[in-house]
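The values are calculated or read from the model by the stated rules, or taken from the named source; none is laboratory data. Keep in mind that this is a model prediction, so the values were computed, not measured. Backbone-built Cβ (ideal geometry, glycine too); neighbour counts: all protein chains shown.
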């Protein structure tokens, strides 16, 4: 996806152009369809369960925007990227309008079934990550539609696991939207329950039991970090947890970085593997927030993530003939999709793009560096790993 004329660029800026090209390839079919209010008409529905047509469209919107939101806020870009950023910011606002307008043919389901609790939260997370372009620039009509849609998820009870954070994230977004009736109890319960589920060394149980999967990165750490940061000032017992919450997230990000092999692969373990490189949501967030461990250089994270993106996105069968993602971990693998997986679910892969919110001059986008596993298997000096405690 890199053009030959990019060969003279710094390797980091060449990678940035590649990331932008991949983002554009993934995001454009979704947002262009919503701009035309034709998402229901044109988005294919690949799924095992018959009910996913009620949920898949909100999944696509919320998950896509949570990943690209920091880029929508980015400044200091070259003219070509800036023009694309502005285009996408407008597309994103129009997509939110299309999905929350009750009279739209693409009006999305926020009020029926449990799944909307999840994807309203991903949409809410996007609002936190783009306070100017998504929250600040919404007109009052769309803001009111959006608030009403998010509140509609309150009629159902979240599952007793990482889903508690979905309810908490939605209330956080309602506060940020200026809604006076935001519910502190939903936030309090999620924060304190996850503190009780902490197992050590940067790992939380997904509910009362530990699951060997990527949900600590897909959901738990990213949402917990941002909820505590956004809302910690309201109650002392929320704010007092910030240091521990962040230290645990940093440790887990270090573990994720070590899981990327020299070839740009990572273990295919646990559920929801169809989210592809969304498995590195937390690592991307720690890079964006400049919270990487001291012994991990930003450039090595970029190089590692670029290797993963290339390995997965360039596998034949990843997209259908019209550019929509297909279910799979690496290519076309429909059998990897659980019953809750559908076409819209796959767009959580966009979470890897969070560092595009860093300006091109940031060290993340400069130079090259081998990541930990590449150094380890190349016989290079290797820092010892250590537990958080």
Look at the stretch 75-92 and say how many of its residues are surrounded by fewer than 24 Cβ atoms within 10 Å (Cβ to Cβ) and under 19 Å from residue 25 (Cα atoms). 12
Report, by residue number, each residue of the stretch 49-74 that is more than 18 Å from residue 325 (Cβ to Cβ) and outside any loop (DSSP other than H, G, I, E, B). 50, 51, 54, 69, 70, 71, 72, 73
Of the residues that make up the stretch 75-95, is at least one at pLDDT 95 or above, assigned to a helix (DSSP H, G or I) and over 29 Å from residue 362 (Cβ atoms)? yes
Being closer than 20 Å to residue 69 by Cα and modelled with pLDDT of 95 or more, is that true of even one residue in the stretch 326-340? no
How many residues does the stretch 237-276 hold that are outside any loop (DSSP other than H, G, I, E, B), without any contact (Cβ under 8 Å) to a residue 24 or more places away in the chain and out of contact with any helix residue (DSSP H, G or I) (no Cβ under 9 Å at 6 or more places or on another chain)? 1
Helices (runs of 4 or more DSSP H) (entirely within the stretch 277-383) containing at least 3 residues that are touching a helix residue (DSSP H, G or I) at 6+ places or on another chain (Cβ under 7 Å), touching a residue at least 60 places away in the same chain (Cβ under 8 Å) and surrounded by 20 or more Cβ atoms within 10 Å (Cβ to Cβ): 281-288, 298-313
Out of the residues in the stretch 182-202 that are assigned to a loop (DSSP other than H, G, I, E, B) and touching a helix residue (DSSP H, G or I) at 6+ places or on another chain (Cβ under 8 Å), which is surrounded by the fewest Cβ atoms within 10 Å (Cβ to Cβ)? 201
Tell me, please, whether a residue that is farther than 16 Å from residue 286 by Cα, assigned to a strand (DSSP E or B) and without any contact (Cβ under 8 Å) to a residue 40 or more places away in the chain can be found in the stretch 217-236. no
Given (1) surrounded by 15 or more Cβ atoms within 10 Å (Cβ to Cβ); (2) within 24 Å of residue 278 (Cα to Cα); (3) touching a helix residue (DSSP H, G or I) at 6+ places or on another chain (Cβ under 7 Å), index of the condition residue 11 fails: (3)
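Residue-wise test of (1) part of a helix (DSSP H, G or I); (2) touching a residue at least 40 places away in the same chain (Cβ under 8 Å); (3) closer than 14 Å to residue 62 by Cα.
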| site | (1), (2), (3) |
| --- | --- |
| 134 | yes, yes, yes |
| 144 | yes, no, no |
| 147 | yes, no, no |
| 160 | no, yes, no |
| 164 | yes, no, no |
| 167 | yes, yes, no |
| 171 | yes, no, no |
